[in-house]
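> I'd like to ask you about the structure that follows.
The values are calculated or read from the model by the stated rules, or taken from the named source; none is laboratory data. Everything numeric here is computed off the predicted structure, so don't read it as measured data. Here the Cβ positions follow ideal geometry from the backbone for every residue, glycine too, while neighbour counts run over all protein chains shown. To get the accessible areas, we keep the full protein, side chains included, count just its heavy atoms, and leave off ligands, DNA and RNA. Shrake-Rupley method; radii C 1.70, N 1.55, O 1.52, S 1.80 Å.
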Amino acid sequence: MSDACCGYVCLGPVGLLCGLCGAGSSETKDYWVCRDCGTKFTTEEARKAVAAKLREEQNLAKKQQEKEAQLAAWHSMIDNCPYPVDQLDKLYAEAVKDAEAKGKQFQNCRDKERKGIGAWQAAYYGMMVGFFILLIAVVVFLFSLAIGANLLIGILLGIVGFVVTLLFSLKDDKLFEQYASPSLRAMKEEKEKATQYKEELKKYQEAAQAIRSEESASRKDS
């Protein structure tokens with residue numbers, strides 16, 4: 001207001017208008033100043049920084065809790081392991097070879113028996129046709145994607161290939177139950193048992209490896 005009065009005395013009405021310009025529009029901001037680096041920041045900025053720091057600490061604490069829980073689960077698994085812990089790597093490697101050998105043996109014997117039964121062989125060819133359609137669908141999709149063409153043809157071919165493969169695969173399973181010999185059924189059971197044994201050993205082996213890695217990291221930190 002004092003600016004308006006001085007302007008009126010000096011310049012009359014024009015000075016009064018000039019002095020009133022900007023009156024009541026002044027604004028002040030309070031800043032916090034860091035004692036260490038001298039950085040200035042407002043109260044709102046400080047609030048956001050504190051909230052972000054709190055979230056970060058909470059996330060770290062949550063990750064640490066999850067890590068400790070996972071480590072406890074691994075220790076519990078190893079404590080109840082029915083196999084020699086110091087031989088898990090060797091046992092797993094042997095189980096992998098055994099499962100692969102029994103899988104190949106079963107596959108070869110099933111192919112031989114399938115060839116003697118027309119309907120069963122036809123179902124196998126149907127699956128191969130489905131796989132071939134899926135392969136073509138992938139090629140068409142990638143080619144269309146590369147040149148910017150319509151992707152609909154590749155997608156439709158993929159759906160057709162998936163449906164054909166699924167239908168003939170289900171038919172192949174039914175024909176196996178109908179025509180497979182007792183010896184082939186026994187091979188299938190042995191293959192499934194070998195696979196199950198391999199997967200069980202894999203879980204124990206991974207738990208033992210994780211514990212060893214954690215212990216090694218703890219020794220380095222200390």
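> Filter region 86-128 down to residues that are of a type outside the set (D, E, K, R), farther than 14 Å from LYS171 by Cα and surrounded by fewer than 14 Cβ atoms within 10 Å (Cβ to Cβ), then give me how many there are.
Of the residues in region 86-128, 7 are of a type outside the set (D, E, K, R), farther than 14 Å from LYS171 by Cα and surrounded by fewer than 14 Cβ atoms within 10 Å (Cβ to Cβ).
> Are any of the residues in region 91-103 modelled with pLDDT under 95 and among the charged types (D, E, K, R)?
There is no residue in region 91-103 that is modelled with pLDDT under 95 and among the charged types (D, E, K, R).
> Do we have any residue at all in region 86-93 that's in a helix (DSSP H, G or I), touching a Ser or Thr at 6+ places or on another chain (Cβ under 8 Å) and under 30 Å from ALA207 (Cα atoms)?
So far as region 86-93 goes, no, none of its residues is in a helix (DSSP H, G or I), touching a Ser or Thr at 6+ places or on another chain (Cβ under 8 Å) and under 30 Å from ALA207 (Cα atoms).
> Considering only residues of region 160-192 that are over 12 Å from CYS109 (Cβ atoms) and of a type in the set (A, V, I, L, M), which is least open to solvent (accessible area, probe 1.4 Å)?
LEU175
> Let me ask another. Can you name the number of the only condition in (1) more than 30 Å from VAL85 (Cα to Cα); (2) in a helix (DSSP H, G or I); (3) of a type in the set (A, V, I, L, M, F, W, C) that LEU201 fails?
(1)
> Which residue pairs have Cβ atoms closer than 8 Å, lie 6 or more positions apart in sequence or on different chains, and pair a first residue in region 94-122 that is in contact (Cβ under 8 Å) with a residue 12 or more places away in the chain with a second residue that is surrounded by fewer than 15 Cβ atoms within 10 Å (Cβ to Cβ) and assigned to a loop (DSSP other than H, G, I, E, B)?
Correct list of pairs: GLU113/SER181.
> Can you name every residue in region 74-85 that is open to solvent by less than 70 Å² (accessible area, probe 1.4 Å) and out of contact with any helix residue (DSSP H, G or I) (no Cβ under 8 Å at 6 or more places or on another chain)?
Residue satisfying the conditions is SER76 alone.
> Could you list, in sequence order, the residues of region 69-84 that are over 13 Å from ILE211 (Cβ atoms) and under 24 Å from the mean Cα position of the chain (by Cα)?
ALA69
> OK, next. Could you pull out the residue among ALA69, ALA49, ALA23 that is exposed (fewer than 12 other Cβ atoms within 10 Å of the Cβ) and modelled with pLDDT of 90 or more?
Answer to the selection: ALA69.
> Among the residues of region 177-204, which ones are farther than 12 Å from ALA95 by Cα and touching a Leu at 6+ places or on another chain (Cβ under 8 Å)?
TYR204
> Next question. Restricting to region 170-197, name every residue that is hydroxyl-bearing (Ser, Thr, Tyr) and part of a helix (DSSP H, G or I).
TYR179, SER183, THR195, TYR197
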